[in-house]
Amino acid sequence: MLEITSLEKMAYDWVKSDTPERIKDECHCATRDVFQARLDGMVSFLSANGKILEGDAYMLAAIAGEIGNNSFDHNLGSWPDVSGIFFGYDLSGAQITIILADRGQGVLKTLKRVKPELKNDEEALFTAFHEKISGRAPEPRGNGLKFVREAIEGSKRHLVFISGSAKIELNEKINISHTEAIHGCLAVINNI
């Protein structure tokens, strides 16, 4: 398995680049079914390894699944350049790091369809993680990133999520800040 620092760098370089290079097949999920199979494989690996409790493995998979599925749901037929997502994970001792990334439209563009008054990426991230809202309205959806926030808060988990030029960090508290812009979204999930 790749070192986590190289996984994070690979994902970051991919979403940062104006001309993305092809990512390794082991990290690229071109379709939702490939992503789901690899996510299921991660749960099996973590559960069999014994360093992470089975319940924690399933919760981490639910968090990663929500983020990865959002990439497919909100970019279907609208991928700006490379379709699919980057998905990788690394287990070091009892700590797992999960990295997801896409080169999609980003949270702001997706949510502006249903909430045009959003001014910037920071407002879009705050809204996505706090309100029941979906860029796929009028479908009755929109609990996904709220679920992710609730699953992170009060647990021994940490999430960094970047979309456009905004970054949200979640653990015991929430911090939203401006960052260097990327194409799409990047998420790094840790259990600590």
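Things to note:
- Tilt relative to the chain, helix 54-75 - C-alpha long axis, 0 to 90 degrees, to 10: 30 degrees
- Largest to smallest accessible area among S44, S71 [probe 1.4 Å]: S44, S71
- With every protein chain in place, the chain: carbon and sulfur % of accessible area (1.4 Å): 51 percent
- Among the listed pairs K24/K112; K51/K173; K24/K167; K109/K146; K16/K112; K9/K115, a Cα-Cα separation exceeding 28 Å is found for K24/K112; K9/K115.
- The largest accessible area among R103, R32, R22 belongs to the first residue in R22, R32, R103, and the rest follow in falling order (1.4 Å probe, all chains).
- The residues of region 16-152 expose on average 48 square angstrom of accessible surface per residue, using a 1.4 Å probe on protein heavy atoms.
- Given the alternatives (i) 138; (ii) 112; (iii) 122, volume of the Cα convex hull per residue in Å³ as computed for this entry is given by (ii).
- Think of the chain as a dipole: +1 on every Lys or Arg Cβ, -1 on every Asp or Glu Cβ, centred on the Cα centre; then among L145, I52, G65, L145 lies furthest on the positive end.
The values are calculated or read from the model by the stated rules, or taken from the named source; none is laboratory data. Just so it is clear, the model here is predicted, and its values are computed rather than measured. Positions of Cβ are generated from backbone atoms using ideal geometry, with glycine treated the same way; all protein chains shown enter the neighbour counts. To get the accessible areas, we keep the full protein, side chains included, count just its heavy atoms, and leave off ligands, DNA and RNA. Shrake-Rupley method; radii C 1.70, N 1.55, O 1.52, S 1.80 Å.
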